[in-house]
Amino acid sequence: MKYLRPATLLEAVKLQSVHPQARLLAGGTDLMVRRTTWLKPDATLIDIKALPELQGLQSEDHRLWIGALTTVETLRTSPIVRERFPALAQAGDRFAGLQIRHRATLGGNLVNASPAGDLIPPLYVYQARVHLASAAGSRTLAIVDFFRGPGVTARQPDEILTGVTLPYPTGESAFFKVGNREAMAISVVNGALRWEVAEGRFRDLVVAAGAVAPTVVYCRRFTSALLEGRPLAKALEALEADIAPIDDLRASAWYRRRVLARLLED
Amino acid sequence: MSDPIVLHVTVNGRAVTRAVDPALRLIDFLREELRLTGTKESCGEGECGSCTVLLNGKPVTSCLILAVETEGQEITTIEGLAEDGLGAAVQEAFIRDHAVQCGYCIPGMVLMGAVLRRDHPDAGREELRTLLAGNLCRCTGYEKILDAILDREEDR
């Protein structure tokens with residue numbers, strides 16, 4: 001196996017264009033678990049952990065930049081994330097265990113694109129943008145446009161996810177997760193909400209749910225119903241068309257529908 | 001093996017230089033190359049915590065890390081922890097409070113105990129239990145391990 005460790009983003013994107021089959025290694029908490037599928041004598045690994053451009057959190061006027069290499073533990077304990085993006089911090093609280101959180105990165109969770117990725121629903125409700133760089137330049141996408149299917153994203157083989165930007169939100173927000181254990185569990189159902197209430201009614205409401213469709217999805221029919229003032233029972237009926245859960249080894253589709261509805265009810 | 005890479009790391013305070021296969025996991029580097037067999041492998045997929053070591057002072061699962069990723073960094077294994085005042089105190093507590101049965105989870109538990117005493121000195125039992133979520137024990141039921149981590153000399 002060939003192991004490369006570029007020192008800058010420029011070096012990294014150049015290496016990627018020379019080695020289009022290479023895998024990018026950040027925390028390794030997904031890649032190393034499934035190394036038997038790719039770790040072969042002819043494999044090339046590009047370790048991106050040294051890239052300064054992907055490090056750190058940067059507060060700008062109206063938004064926060066989070067570098068792709070930010071570990072889940074750093075995200076979880078960051079004062080600005082806890083205060084301004086509580087759903088993201090709460091997702092960190094329920095994420096694996098401490099040892100994994102010290103290595104797992106935001107970028108890795110996004111690029112791995114599990115439908116159950118815990119950091120993803122909060123990024124949906126915060127309307128995050130994903131930043132990608134290649135030797136040809138850079139581009140950004142709305143988070144909802146980044147995911148194409150389980151494990152599939154809009155990232156091209158010569159691109160590196162450098163970070164996300166999140167506009168500072170108004171209102172309140174929260175994350176929820178049900179797994180087969182309290183910790184160290186892949187989500188059976190997860191999601192995030194952001195809401196503003198005025199005079200006993202929703203003035204704004206955004207809900208994103210994970211592990212109930214091939215990608216994380218906005219529950220638009222559900223939220224539209226509530227914003228129109230329709231009763232919760234009607235909104236929960238509408239929710240059924242927002243999601244498309246499957247049976248898998250963790251839970252059945254039926255169970256996921258029931259649990260998501262109850263979680264949103266609460 | 002693939003072309004070896006020369007690795008320079010500090011392990012338990014001592015500088016180490018070795019030529020390694022890039023595909024070599026950190027846990028295997030520690031156990032096989034350096035003969036530091038205190039770090040154990042149980043699951044090999046980052047779930048059980050028995051392979052826990054400190055990398056630059058932070059607990060990580062060494063079964064998911066390639067040795068070459070640790071270039072220029074500091075690793076502390078359970079062997080190194082025994083030389084440290086905090087680590088020795090945690091080990092004493094584990095003995096005193098009968099927290100050891102088969103012993104396989106213990107190096108990881110003791111390392112985490114030292115880290116949690118250092119970083120969460122005011123944590124209560126339930127918070128410690130949550131922070132130990134990445135360390136599994138099949139023997140003890142965890143209660144005596146928690147007793148030991150909470151059982152500090154200065155509090156007696």
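The values are calculated or read from the model by the stated rules, or taken from the named source; none is laboratory data. On a predicted model such as this, the values are computed, not experimentally measured, just so you know. Backbone-built Cβ (ideal geometry, glycine too); neighbour counts: all protein chains shown.
Being loosely packed, with under 15 Cβ neighbours inside 10 Å, under 22 Å from the mean Cα position of the chain (by Cα) and not in a loop (DSSP other than H, G, I, E, B) is the filter here; which residues of the range A:245-259 pass it?
Scanning the range A:245-259 gives a single hit, A:A253.
Mind listing whichever residues of the range A:8-35 are among the β-branched types (V, I, T) and within 21 Å of B:I5 (Cα to Cα)?
From the range A:8-35, those among the β-branched types (V, I, T) are A:8, A:13, A:18, A:29, A:33; that's our starting set.
Passing the criteria: A:T8, A:V18.
Quick grid of which residues meet (1) in the same structural domain as B:P107 (by TED's automatic domain parsing); (2) touching a helix residue (DSSP H, G or I) at 6+ places or on another chain (Cβ under 8 Å); (3) surrounded by fewer than 16 Cβ atoms within 10 Å (Cβ to Cβ):
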{"residue": "B:G13", "(1), (2), (3)": "no, yes, yes"}
{"residue": "B:R25", "(1), (2), (3)": "no, yes, no"}
{"residue": "B:F29", "(1), (2), (3)": "no, yes, no"}
{"residue": "B:E32", "(1), (2), (3)": "no, no, yes"}
{"residue": "B:R35", "(1), (2), (3)": "no, no, yes"}
{"residue": "B:P59", "(1), (2), (3)": "no, yes, no"}
{"residue": "B:S62", "(1), (2), (3)": "no, yes, no"}
{"residue": "B:E69", "(1), (2), (3)": "no, yes, no"}
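Checking A:V144 against (1) more than 26 Å from A:L25 (Cβ to Cβ); (2) not in a helix (DSSP H, G or I), which test does it fail?
Only one criterion in (1) more than 26 Å from A:L25 (Cβ to Cβ); (2) not in a helix (DSSP H, G or I) is unmet by A:V144, namely (2).
Checking the condition more than 28 Å from A:Q99 (Cβ to Cβ), part of a strand (DSSP E or B) and out of contact with any Cys (no Cβ under 9 Å at 6 or more places or on another chain), which residue from A:V164, A:V178, A:V197 passes? Full working, then the answer.
Details: A:V164 fails: more than 28 Å from A:Q99 (Cβ to Cβ); A:V178 fails: more than 28 Å from A:Q99 (Cβ to Cβ).
Just a single option satisfies the conditions, and that option is A:V197.
Is it fair to say B:G13 is closer than 27 Å to B:A133 by Cα and either at the interface with chain A (Cβ under 10 Å from one of its Cβ atoms) or of a type outside the set (S, T, Y) (or both)?
Details: closer than 27 Å to B:A133 by Cα: no; either at the interface with chain A (Cβ under 10 Å from one of its Cβ atoms) or of a type outside the set (S, T, Y) (or both): yes.
No, not satisfied.
Would a scan of the range A:164-173 turn up a residue that is among the small types (G, A, S), out of contact with any Asp or Glu (no Cβ under 7 Å at 6 or more places or on another chain), modelled with pLDDT under 95 and surrounded by 15 or more Cβ atoms within 10 Å (Cβ to Cβ)? Talk me through it step by step, then tell me what you get.
Narrowing the range A:164-173 to residues among the small types (G, A, S): A:171, A:173.
Still in the list and also out of contact with any Asp or Glu (no Cβ under 7 Å at 6 or more places or on another chain): A:173.
Narrowing the set further to residues that are modelled with pLDDT under 95 leaves none.
For the range A:164-173, residues among the small types (G, A, S), out of contact with any Asp or Glu (no Cβ under 7 Å at 6 or more places or on another chain), modelled with pLDDT under 95 and surrounded by 15 or more Cβ atoms within 10 Å (Cβ to Cβ): absent.
For A:D158, which of the numbered conditions (1) outside any loop (DSSP other than H, G, I, E, B); (2) of a type in the set (D, E, K, R); (3) touching a Pro at 6+ places or on another chain (Cβ under 9 Å) fails to hold?
Among (1) outside any loop (DSSP other than H, G, I, E, B); (2) of a type in the set (D, E, K, R); (3) touching a Pro at 6+ places or on another chain (Cβ under 9 Å), A:D158 violates only (1).
Hey, which of the helices (runs of 4 or more DSSP H) in the range B:104-156, taking only ones fully inside, have at least 2 residues that are under 14 Å from the mean Cα position of the chain (by Cα) and in the same structural domain as B:G85 (by TED's automatic domain parsing)? Can you show your working first?
Working: elements: B:106-119, B:125-131, B:143-150.
Output list reads B:106-119.
Step by step: first the residues of the range B:72-87, then only those that are modelled with pLDDT of 95 or more and over 19 Å from B:T37 (Cβ atoms), then the one that is farthest from the chain's Cα centre (by Cα). Which residue is that?
Looking only at the range B:72-87, we keep the residues that are modelled with pLDDT of 95 or more, and these are B:72-80.
Retained after the next criterion (residues that are over 19 Å from B:T37 (Cβ atoms)): B:72-74.
On the way: B:G72: 19, B:Q73: 16, B:E74: 13 Å.
This residue is B:G72.
For the range B:76-134, enumerate the residues that are of a type in the set (K, R) and either within 13 Å of chain A (Cβ to nearest Cβ) or surrounded by fewer than 18 Cβ atoms within 10 Å (Cβ to Cβ) (or both).
Restricting attention to the range B:76-134, the residues satisfying the condition of being of a type in the set (K, R) are B:96, B:117-118, B:125, B:129.
Selection gives B:R96, B:R118, B:R125, B:R129.
Every residue in the range B:42-71 that is over 10 Å from the mean Cα position of the chain (by Cα), within 7 Å of chain A (Cβ to nearest Cβ) and β-branched (V, I, T), please.
Result: B:I65, B:V68.
Could you please find all residues in the range A:135-155 being surrounded by 13 or more Cβ atoms within 10 Å (Cβ to Cβ) and at pLDDT below 95?
First pass over the range A:135-155, keeping only residues surrounded by 13 or more Cβ atoms within 10 Å (Cβ to Cβ): A:135, A:138-141, A:143-144, A:146-148, A:150-151, A:153-155.
Across the range A:135-155, the qualifying residue is only A:A135.
What strands (runs of 3 or more DSSP E), lying completely within the range B:34-90, carry at least 2 residues that are under 16 Å from A:V33 (Cβ atoms)? Let's see the steps before the verdict.
Details: elements: B:52-55, B:58-61, B:74-76.
So the answer is B:58-61.
Quick check on this structure: which one of B:A19, B:A23 is assigned to a loop (DSSP other than H, G, I, E, B) and within 14 Å of another protein chain (Cβ to nearest Cβ)? If you could, list the steps in order and put the result at the bottom.
On the way: B:A19 fails: assigned to a loop (DSSP other than H, G, I, E, B).
Residue meeting the stated conditions: B:A23.
One line per residue, one yes/no per condition, for (1) of a type in the set (A, V, I, L, M); (2) under 13 Å from the mean Cα position of the chain (by Cα); (3) at positive phi:
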residue: A:L98; (1), (2), (3): yes, no, no
residue: A:R103; (1), (2), (3): no, no, no
residue: A:I120; (1), (2), (3): yes, yes, no
residue: A:Q127; (1), (2), (3): no, yes, yes
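Look through the range A:46-91, keep the residues that are of a type in the set (D, E) and in a loop (DSSP other than H, G, I, E, B), and return whichever of them is surrounded by the fewest Cβ atoms within 10 Å (Cβ to Cβ). Walk me through it before giving the result.
First, pick out the residues of the range A:46-91 that are of a type in the set (D, E): A:47, A:53, A:60-61, A:73, A:83.
Checking the rest, the ones that are also in a loop (DSSP other than H, G, I, E, B) come to A:60-61.
On the way: A:E60: 10, A:D61: 6.
Ranking the qualifying residues of the range A:46-91, first place goes to A:D61.
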